[in-house]
Amino acid sequence: MTNCAEDGCAREAAVRLHVPWDADRDVCVAHARSLAQRDGVVAEPLEGSQAEWP
Ligand SMILES: [Zn+2]
């Protein structure tokens, strides 16, 4: 499994975020929910993830 890419977060990454102004990152559901609110960010569930998204 991959850990969330956000600093200080140890949850399992479940969603890939495509961020127009930065590199793609894999994050947990909680971080994906907040980051995906920003303009232009596209979130897609990671294959094999057990987490529920959205
Ligand atoms: Zn996280």
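Each value in this text was obtained by applying a stated rule to the coordinates, not by laboratory testing. Worth saying up front: this structure is predicted, and the values here are computed from it rather than measured. Reconstructed Cβ throughout: ideal geometry from the backbone, glycine too, with neighbour counts over all protein chains shown.
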Q) Among the residues of the range 9-54, which ones are among the small types (Gly, Ala, Ser) and in contact with a strand residue (DSSP E or B) (Cβ under 9 Å, 6 or more places away or on another chain)? A) ALA10, ALA13, ALA14, ALA32, ALA36, GLY40, ALA43, SER49, ALA51
Q. Among all residue pairs at least 6 apart or on different chains, which show Cβ distances below 8 Å where the first residue, located in the range 1-17, is without any contact (Cβ under 8 Å) to a residue 40 or more places away in the chain and the second is more than 8 Å from the ligand (Cβ to nearest atom) and among the aromatic types (Phe, Trp, Tyr)?
A. ALA14/TRP53; VAL15/TRP53
